[in-house]
Each structure stands twice: as structure tokens, then as C-alpha cells.
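**Student:** Here it is: the structure, laid out below.
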Amino acid sequence: MAESLRVALLSYRADPRCGGQGVYVRNLSRELRDLGHRVTVFAGPPYPELDAGIAFEAVPSLELYLAPGPFKRRAWAHIRTRTDVLEFWEMMGGRFPEPLTFGRRMRDRLRARPGEFDVVHDNQSLGHGLADLAADGIPVVATIHHPIHVDLEVALVGVEDERFRTAIRRWYAFAEMQAAVAPQLTRLLTVSESSRRDIARHLHVPEAQVHVVHNAVDVARWVPRPGIVRRPGRIITTASADVPLKGLTHLLEAVAKVRTERDVELVVVGRLNELGPTAEAIDRLGVRDAVTFTHGITDDEFVDLYATAELAAVPSLYEGFSLPAAEAMACGVPLVATTGGAVPEVVGPDGEAALLVPPADAGALAAAMVELLDDPARRERMGAAGRRRAVERFSWSRAARETVAHYRAALLRT
């Protein structure tokens, strides 16, 4: 058996109910443990949910953007270090400081504990502090799910007011830090061939220096539940309601179109901001009685919810991988999805497990949903094909083994 490794797995945010990065940390850490490696997760708030046998160390921040905030007035009472001052100052300037300040805190913490870890694995914070650790000779592997520059491009679409455009650019200013840091790290991983191409384009790293380890889904947990009756016309999607990249507004427009022909309901796994653009779109389209939001549910509750749906939708304008697509496939639910980013790479050929449509095309989304809702036999075939694809291609044990191989390659370079 190969020598076990001591791994510091870093994530500036890691709650699996707040996004794919938390799902990545929980599942990868568990599989690394099962391979015999010693894993310590370091994460900022909101903190992760981890399996037994995974050590955890909290890396507190000022929590400026978390409930009951944002921008808590009491932050001044908690400022004790230069990094705290920097975090508050960056927030006051309209920037998102967490990747920057998390990297500084991890640099200081790990420099104080030399030799304790064989490899440091960063989960897309890419702060200057990580480059400092690499310069110290510590093997630093980083997973980049996709370059944040893509989020910035999408966020600017349709925004004409130059003041708002400036505010958006300021919020995403950390993307330039990440572009500067990425080439300085020991080894770069990403989760799809699509993301690899985009990282090369935006972060100015040769494609040959970015290595693909596909994300995965826990196929023992995300399973079909044949004992649960599907509800006619129910569609399920996972989306951060006001993140433009997720394309939820286009799906709402599609649902409004489909409702002119039949009864449908959309269940969104995510939180609705009643003051945001998604709530405005729901009221403008007159679909409030057809759309339900749910959040904070357990994985088992999520699997049960998938079992009640006739189909799942992934309306994203771009995905670095698309865990929601993989989870729906693992649950045997047929998909209507876009061709944004890595989605076709995950779901396979058009029509096998998903009907694929262009991003930002509500009419195409609506037509594909009607096509599948009208064909129960096809939905059954596609759901079974998706389950097979998820089991065969996207296991976390495979992802962990490939990741360890890259850890060992990083160690050889230092």
C-alpha cells in the first residue's frame, strides 16, 4: 500500500447546502479518508458538514455577508488583526474579500505549523497567501471549478448603467487576484475539459498545466426511489435564485410559456430573495402560484423530492461541471439542460439522459419540457440512462484516487 498522506484541504466557504464547493469538500474528504489518508479540513463560515474521521479546524472571518447581516455594524468590535482590518476595508470598498483574507489566514496558520502536512489542497480560494506558501516550498494543489471571470461576464450582460457596471466589476475584483495566483501554485486541477479551456483563456495558464479530475456524485445516496409516486407536471431545479449564471429567470419564462398549454409546477431548491430580480420576474410573469422554493433540506429529503418530479431542469448559462445534473441523473430523473459550459460533458449525447437546448433560450426550454412531459416512456428510458451514466462515470472514489495521484506528482516537484 502506498504511503498515506497528511492533507490540508482548504475552502473559504464549505457548507454543502450553500453550493457545490461544500459538496466537493465533504465527499472528497470522505473518500480520501477511506483511501487511508489523514485529512484536515480548514474552512471559513458557513462551516462544512463532514463525515466521521475527518478533522476540522474553523478559520473564522468577520462574517460580513452572513445572516443576520450583511455588513454587520458590530464588525468593528471583532477586528483584532491586520487581516481583519483588510477584510472590513475591502467590504467597505464594495469588494468581496473572503478569498483574499482566507488565504492570508491560512498562510499564517500553516507557517506556524511547519512539516505538519504533506500537501495543501485549496478549493478555489486562490488567495495571495497560497502563493506565499508555494513560494515557501510547500506543495500547493488547487482545484478551480471554473474561472470567476465567467461569472463577471454573465453578470455584466444587459447592465447599461455604468455605475452598476463599475460596482459589479469591483465586487468581482478578486478574479484578477486569482488569475495572478493560479500560475504560481504547484499543480492545478479542474473538474471538466470545458473548465480547463476556460482556465487557460482567463487565467493565462497553458492547458497542459491544468489537469482534469471530474467531479462526482454519491451514487449510494442519490438513488431512484421507485416507491414514491411522481407528481404530474412537477419540474425540479437547483439554483441560487439571484445568481445570473444559473439562468433561473429563463426557466421561469419557460414555465410561464408551458403553463399556457398545461398545468406544471416548478420546485426550486434554493432560497428566494423577495427583494431580488427573481422575485420580480415571478410576479411579472404571473407564476407565483406555480413556483415553490425550498432550502436547508437534507440529502435524503432532496432525493425524495427528486422522486416526485417528472423531470429536472438545468437552465444554467454556464457550468464548470454541474453537480445538480449529476445528482438528478443518479436519481433517475430525466433532464432538460442547456449546452452551457460543461453540461453536455456531464449529461452525455443529446437525448441520452437529457434534452439539450441553447443557454438563455426560454422558448427552447419550454419546447423541450413539453416534449418530455408528453412522453412518459421516453422519460423512463432517459432516467435509466442517466442513472447508468452517473454510476459508471462519476464516482467519488474514482475522483479521490485521481486526486491523490496529483498530490504525489506535486510532491515530486518540490
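Every number here is computed from the coordinates shown, using simple stated rules; none is lab data. Not measured: the values here are computed from a predicted model. As a convention, Cβ positions derive from the backbone with ideal geometry for all residues, glycine included, and neighbour counts pool all protein chains shown.
**Student:** Using a 10 Å Cβ count of at most 12 others and DSSP loop calls, identify the longest part of the chain lacking such trypsin sites (Lys or Arg not before Pro).
**Tutor:** The segment 81-261 is the longest one with no such site.
**Student:** While we're here: Taking the dipole about the Cα centre of the chain, with the C-beta of Lys and Arg at +1 and of Asp and Glu at -1, give me whichever of His295, Ala400, Val217 is farthest to the positive side.
**Tutor:** The listed residue farthest towards the positive side: Ala400.
**Student:** Of Met92, Met106, Met382, which has the largest mean-square fluctuation in a 10 Å C-alpha GNM of the chain?
**Tutor:** Between Met92, Met106, Met382, it is Met92 that shows the largest mean-square fluctuation.
**Student:** Quick one: putting +1 on the C-beta of Lys and Arg, -1 on the C-beta of Asp and Glu, what dipole do you get for the stretch 234-393 around its Cα centre, in Debye to the nearest 20?
**Tutor:** In total the dipole reaches around 220 debye.
**Student:** Further question: Net charge near Tyr306: determine it from the other residues with C-beta under 14 Å of the C-beta of Tyr306, scoring Lys and Arg +1 and Asp and Glu -1.
**Tutor:** 0
**Student:** On a full-extension model of 0.36 nm per residue, what is the gain between Arg201 and Glu402, subtracting their alpha-carbon distance, rounded to one decimal in nm?
**Tutor:** Gain on stretching Arg201 to Glu402: 69.9 nm.
**Student:** Quick one: if you stick a label point 7 Å off each Cα along the C-beta vector at Thr294 and Ala52, how many nm between them?
**Tutor:** 2.8 nm
**Student:** Rounded to whole Å, give me the distance from the Cα center of the stretch 211-232 to that of the stretch 267-324.
**Tutor:** 17 Å
**Student:** Roughly speaking, what is the stretch gain from Ser240 to Val391, that is 0.36 nm per residue apart minus the C-alpha to C-alpha distance, in nm to one decimal?
**Tutor:** The span from Ser240 to Val391 would gain 51.7 nm if fully extended.
**Student:** What's the magnitude of the charge dipole for the stretch 176-290 around its Cα centre, counting Lys and Arg as +1 and Asp and Glu as -1 at the beta-carbon? Answer in Debye, nearest 20.
**Tutor:** Once rounded to the nearest 20, the dipole reads 440 debye.
**Student:** So, R0 is 51 Å and r is the distance between the beta-carbons of Arg284 and Thr40; what FRET efficiency does that work out to, to 0.05?
**Tutor:** It comes to 0.60.
**Student:** Something else: Which length gain, in nm to one decimal place, applies between Ala409 and Ala112 when the Cα-Cα distance is subtracted from 0.36 nm times their residue separation?
**Tutor:** 104.4 nm
**Student:** Sort largest first and round to whole Å: the equivalent ellipsoid semi-axes of the chain, each the square root of five times a Cα gyration tensor eigenvalue.
**Tutor:** 35, 26, 19
**Student:** Show me the GluC sites (Glu not before Pro) within the stretch 209-287 that DSSP assigns to loop and that have at most 12 other Cβ atoms within 10 Å of their Cβ.
**Tutor:** Sites meeting the loop and neighbour criteria: Glu261, Glu274.
**Student:** Looking at the chain as a GNM with Cα springs under 10 Å, which of Ala279, Ala180, Ala208 has the largest mean-square fluctuation?
**Tutor:** Ranking Ala279, Ala180, Ala208 by mean-square fluctuation puts Ala208 first.
**Student:** Work out the length of the dipole vector of the chain about its Cα centre, built from +1 on the beta-carbon of each Lys and Arg and -1 on the beta-carbon of each Asp and Glu, and round it to the nearest 20 debye.
**Tutor:** 940 debye
**Student:** Counting other Cβ atoms within 10 Å, keep those with at most 10, restrict to DSSP loop, and tell me which GluC sites (Glu not before Pro) in the stretch 140-209 are left.
**Tutor:** Sites meeting the loop and neighbour criteria: Glu160.
**Student:** Next up: Which residue, Gly386, Gly53, Gly103, has the most motion in a Gaussian network model of the chain that connects Cα atoms within less than 10 Å?
**Tutor:** Among Gly386, Gly53, Gly103, the largest mean-square fluctuation in the Gaussian network model of the chain belongs to Gly53.
**Student:** I need the calculated FRET efficiency for the pair Ala135 and Val157, taking r as the beta carbon distance and R₀ as 25 Å, to the nearest 0.05.
**Tutor:** With a Förster radius of 25 Å, E is 0.10.
**Student:** With runs of 4+ DSSP H residues as the only contributors, calculate the mean residue ellipticity of the chain at 222 nm using -39,500 (n - 2.57) per run, divided by the residue total and rounded to the nearest 500.
**Tutor:** Helix-only estimate at 222 nm: -13000 deg cm²/dmol.
**Student:** Using the Cα centre of the chain as origin and beta-carbon charges of +1 (Lys, Arg) and -1 (Asp, Glu), tell me which of Ala384, Trp171, Leu152 is placed farthest towards the positive end of the dipole.
**Tutor:** After comparing all options, I get Trp171.
**Student:** Next question. Putting +1 on Lys and Arg Cβ atoms and -1 on Asp and Glu Cβ atoms, find which of Leu248, Ile235, Val357 reaches farthest to the positive end of the dipole of the stretch 234-393.
**Tutor:** The Cα lying farthest towards the positive end belongs to Val357.
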